Amino acid sequence: MNALEVRDVRVHFGGVYALKGVSLTVPSGMCVGLTGPNGSGKSTLVNAVTGVVDAEGAVSVRDRPLQLCRPGRAARLGVRRTYQTPRVHPKLTGIENVCTGHRLATGRSATAALFRRFGAGAAERVRQRDAAAALDRVGGSAAAGITGSVMTYGQRRLVELARVLVAEPRVLLLDEPSAGLNDAEVTALRSLIADLAAEGVGVLLIDHRISLLNEVCDRLVVLEEGLKLHEGEPADVWRHDRVRAAYIGELDDAGN
Ligand code: ADP
Ligand code: MG
């Protein structure tokens with residue numbers, strides 16, 4: 001099954017096209033890297049899928065067509081995303097922030113209905129337990145009891161990541177998750193992404209860290225100015241002349 005299929009997606013802002021017809025597929029259980037120079041349209045693609053910007057084209061999630069331009073529709077099909085600039089509530093603690101993403105927080109699932117019957121206390125305990133486990137899994141336990149306003153940038157990223165994990169996503173769109181993380185945190189992120197893919201989640205990973213892309217991605221898609229410049233296996237993509245040209249000055253740790 002394909003976790004995500006994007007066909008000929010176009011997005012324009014006041015007549016200027018940020019995406020000029022991009023297609024890509026993320027199979028379930030795989031991690032596809034999306035990279036390309038700043039301004040090439042990577043975040044816009046995530047925004048198009050999640051319906052926060054208007055888009056033309058066709059997107060399907062787990063082989064079901066997704067109505068574009070409708071925020072919330074993708075989430076109902078199991079899509080979760082993180083933001084290039086992490087978004088956590090400044091007045092809530094790490095645990096409280098993570099709890100807001102829990103599948104029992106929406107009140108729509110059958111489990112949520114059961115918990116309503118057995119009492120809010122039980123649901124709250126499950127949320128807290130799952131939130132603590134997710135924070136631990138991403139290596140963000142140090143942020144459990146502190147509010148968003150005093151978290152470091154890296155802690156905000158980890159809390160945001162834990163918040164999407166408790167939603168039990170089937171499709172995960174990560175927008176530069178390694179930015180601002182230290183080496184140990186990047187190593188943890190890499191194994192987390194690999195584990196999620198092994199569990200069947202389809203992951204679209206936007207990142208500039210070439211070593212991370214190469215190690216965790218099955219395929220890479222390179223965008224340039226709103227178009228797909230190249231797609232292939234990581235090792236091959238970086239040999240492509242136009243990719244190298246687009247990346248001049250940006251190739252960080254590819255070792256070439
Ligand atoms: P990337 O994530 O690859 O760095 P973006 O998707 O953020 O690139 O941006 C692609 C292009 O679209 C850029 O030229 C950017 O300025 C423009 N853009 C993105 N979002 C908006 C917006 N909300 N309004 C106007 N222009 C935008
Ligand atoms: Mg971006």
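The values are calculated or read from the model by the stated rules, or taken from the named source; none is laboratory data. Worth saying up front: this structure is predicted, and the values here are computed from it rather than measured. Cβ coordinates were reconstructed from backbone atoms using ideal geometry, including for glycine residues, and neighbour counts include every protein chain displayed. With ligands, DNA and RNA removed, areas are computed over all heavy atoms of the protein, side chains included. Shrake-Rupley method; radii C 1.70, N 1.55, O 1.52, S 1.80 Å.
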Legend entry - Taking the convex hull of Cα positions in the chain, its mean projected area over all directions (nm²): 13.8 nm²
Legend entry - Helix axis angle, 183-198 relative to the chain longest principal axis, alpha carbon, degrees: 90 degrees
Legend entry - Spin-label pair Leu92/Asp183, simplified geometry with 7 Å Cα→Cβ offset, distance in nm: 3.5 nm
Inset, instruction - Calculate, in nm to one decimal, what Glu215 and Ser149 gain on full extension: separation in residues at 0.36 nm each, minus their alpha carbon distance. - result: 20.4 nm
Inset, instruction - Positive end of the charge dipole of the chain (Lys, Arg +1 and Asp, Glu -1 on Cβ, about the Cα centre): tell me which of Pro65, Gly21, Thr35 has its Cα farthest that way. - result: Pro65
Legend entry - Rounded to 10°, Cα long-axis angle of helix 120-138 versus longest principal axis of the chain: 40 degrees
Inset, instruction - Choose one answer from Asn214, Asn182, Asn97: the residue with the largest mean-square fluctuation in a GNM of the chain with alpha-carbon springs under 10 Å. - result: Asn182
Inset, instruction - Provide the packing ranking of 197-205, 121-129, i.e. peptides ordered by the mean count of other C-beta atoms within 10 Å per residue, highest first. - result: 197-205, 121-129
Inset, instruction - Could you work out how far apart the two model spin labels at Glu124 and Asp8 are, taking each label as a point 7 Å from the Cα in the direction of the beta carbon, and quote it in nm? - result: 5.3 nm
Legend entry - CD proxy at 222 nm, helix term only [per DSSP H run n ≥ 4: -39500 (n - 2.57); per residue of the chain; nearest 500]: -10000 deg cm²/dmol
Legend entry - Computed accessible area, Leu45, all protein chains, 1.4 angstrom probe, square angstrom: 0 Å²
